[in-house]
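Taking it in order: structure first as structure tokens, then the write-up.
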Amino acid sequence: MKKVALLGAGGKMGVRLATNLADSPYEVSHTEITEEGRARLFSAVGAECVAQDEAIAGADAVILAVPDNLIGPVSREIIDSLSPGTALVVLDAAAPHAGEMPEREDVTIFVTHPCHPALYAPTSGNTDRPDLFGGDQAVQHIVCALMQGPEEHYEACEKIARTIYAPVERAHRCTVEHIAILEPAMSESVAATFCYALREAVDAAVRRGVPEQAARDFMLGHLGLELAIVFGIYPGGQFSDGAMRAVELARPAIFRDGWIESVFDSDAVLASVKDICTHR
């Protein structure tokens, strides 16, 4: 796969991908519907956009850097114009898992998503401006799934994924359902929600007179240590008896019974991705 069409190239994600593709061996055609996006793309990589039909004509792979709720509509719009054997590269599992992808047996569908740089990975590049998202300085891992298409397309599409998310260390092969479990269920429904809860806890401490910077420093410092203990990253690390007692008392007050299954049940995951794809 040498010729790549990048749809939505002027969006936030599109520009990230276009930047990495600019120094790659791929021949890239960019499309962007907004004037603002086209200007952003040109400012970032000096690339001009072409019409969508021109971009996808003869493309080996079409990357859909568009919002989740547009993946289905855009895919259905272009599906009949794709050459046999073209790979549709989708950057999130929501639309594929929700059944939003059009049916065409001779088109490959490949799903990939970044893990983002690991919390405890060694820093790289400019530490004054850390690469928290990935695809710039910091090494990250990615997940990939071949939803449909010949097996030999997996390796070719993984190479594209490694390019757009570079620098990449591990590429985990998953199913589309696996990636939907990872996001939105695990990383957004649970982890992002917990992050907001942690921020609310800091705000609660500040309202009770704790200096804000002290509360933030205390939370972020303890959070790093506590995650390292729970995930076995800190060798020999363990909580004190008092900390374990605090967890024992707080857990039933904070979490309702069965909460984990209410998020990770297959029907719940499917309902979540369907909502993401239809929400306006």
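The values are calculated or read from the model by the stated rules, or taken from the named source; none is laboratory data. What you see is a predicted model, and the numbers here were worked out from it, not measured in a lab. Glycine gets a Cβ as well: all are built from the backbone with ideal geometry, and neighbour counts include every protein chain shown. Side chains included, ligands, DNA and RNA excluded: accessible areas come from the protein's heavy atoms. Shrake-Rupley method; radii C 1.70, N 1.55, O 1.52, S 1.80 Å.
Would you please name the trypsin sites (Lys or Arg not before Pro) within segment 199-271 that are DSSP coil residues with at most 12 other C-beta atoms within 10 Å of their C-beta?
Working: sites: Arg199, Arg207, Arg208, Arg216, Arg245, Arg256; in loops: Arg208, Arg256.
Filter output for segment 199-271: Arg208, Arg256.
Under a plain spin-label model, where a point goes 7 Å from the Cα along Cα-to-Cβ, how far apart in nm are Asp53 and Asp267?
Taking the two extended label points, one gets 4.6 nm.
How large is the helix-only mean residue ellipticity at 222 nm for the chain, computed as the sum of -39500 (n - 2.57) over DSSP H runs with n ≥ 4, divided by its residue count, in deg cm²/dmol to the nearest 500? Intermediate results must be reported in sequence, preceding the final value.
On the way: 12 runs with 127 residues, N = 280.
So the helix-based figure for the chain works out to -13500 deg cm²/dmol.
Within the chain, which is the longest segment that contains none of the chymotrypsin sites (Phe, Trp or Tyr not before Pro) sitting in a DSSP loop with at most 12 other Cβ atoms within 10 Å?
The reported range is 1-119.
Report the one residue of Gly46, Val139, Ile33 whose Cα lies farthest in the direction of the positive end of the charge dipole of segment 1-142 (charges on C-beta: Lys and Arg +1, Asp and Glu -1; origin at the Cα centre).
Val139
Which percent of the accessible area of the chain is formed by carbon and sulfur heavy atoms (probe 1.4 angstrom)?
Working: 8810 of 15860 Å².
The nonpolar share, carbon plus sulfur, comes to 56 percent.
Given all pairs of different Cα atoms, what value in angstroms does the Kirkwood hydrodynamic radius of the chain take? Don't skip to the end; give the middle numbers.
Numbers: mean 1/r = 0.0478 Å⁻¹.
Kirkwood radius, the chain: 20.9 Å.
Might you tell me the accessible area per residue for segment 23-70, computed with a 1.4 Å probe and given in Å²? Intermediate values should be presented prior to the final figure.
On the way: 2590 Å² over 48 residues.
Value for segment 23-70: 54 Å² per residue.
Reported to two decimal places, what Rg/Rh ratio describes segment 99-253 when computed on Cα atoms with Rh from the Kirkwood expression? Display every interim value, and only then the final one.
Details: Rg = 20.1 Å, Rh = 18.8 Å.
With Rh from the inverse mean 1/r over Cα pairs, Rg/Rh is 1.07.
To the nearest 10 degrees, how steeply does helix 12-22 sit against the main Cα axis of the chain, on a 0 to 90 scale?
With both axes taken from Cα atoms, the answer is about 60 degrees.
Would you mind calculating the gained length between Asp275 and Asp106 on full extension (0.36 nm times residue separation, minus the Cα-Cα distance), in nm to one decimal? Walk me through the numbers on the way to the answer.
Details: separation 169, 0.36 × 169 = 60.84 nm, distance 2.85 nm.
Length gained, Asp275 through Asp106: 58.0 nm.
May I ask for the angle, rounded to the nearest 10°, between helix 35-45 and the longest principal axis of the chain, with both axes built from Cα atoms and the value confined to 0 to 90°?
On a 0 to 90 degree scale, this one is about 80.
Of all GluC sites (Glu not before Pro) in segment 111-195, which ones are in loop regions per DSSP and have a Cβ with at most 10 other Cβ atoms within 10 Å? List each step's numbers first, then the result.
Working: sites: Glu151, Glu152, Glu155, Glu158, Glu169, Glu177, Glu188; in loops: Glu151.
Passing sites in segment 111-195 are Glu151.
Measure nothing but the geometry: give the 0 to 90° angle between the long axis through the Cα atoms of 193-207 and the longest principal axis through the Cα atoms of the chain, rounded to 10°.
Result, in degrees: 40.
Residue farthest toward the positive end of the dipole of segment 55-161, with Cβ of Lys/Arg at +1 and Asp/Glu at -1: which of Pro150, Leu70, Leu82?
It is Leu70.
Put a dot 7 Å past each Cα toward the Cβ at Ala192 and Val247; how far apart are the dots in nm?
Computed distance between label sites Val247 and Ala192 equals 2.6 nm.
For a paramagnetic label modelled at 7 Å from the Cα of Glu155 toward its Cβ, which residues of segment 59-79 fall within the zone defined by backbone nitrogen distances under 19 Å?
Of the residues in segment 59-79, 60-61 have backbone N under 19 Å from the label point off Glu155.
Please identify every one of the trypsin sites (Lys or Arg not before Pro) in segment 1-79 that sits in a loop by DSSP and has no more than 14 other beta carbons within 10 Å of its own beta carbon. Working shown, then result.
Values: sites: Lys2, Lys3, Lys12, Arg16, Arg38, Arg40, Arg76; in loops: Lys2.
Taking segment 1-79 and a limit of 14 other Cβ atoms within 10 Å, the loop trypsin sites (Lys or Arg not before Pro) found are Lys2.
Compute the distance from the alpha-carbon center of segment 140-170 to that of segment 1-49, in whole Å.
Cα centres, segment 140-170 to segment 1-49: 19 Å.
Leaving out ligands and nucleic acids, and using a 1.4 Å probe, what accessible area per residue does segment 102-182 come to in Å²? Could the numbers behind the result be given before it?
Numbers: 4280 Å² over 81 residues.
Value returned for segment 102-182: 53 Å² of accessible area per residue.
How far apart, in nm, are two points set 7 Å out from the Cα along the Cα-to-Cβ line at Thr34 and at Arg199?
According to this spin-label approximation, the distance is 2.1 nm.
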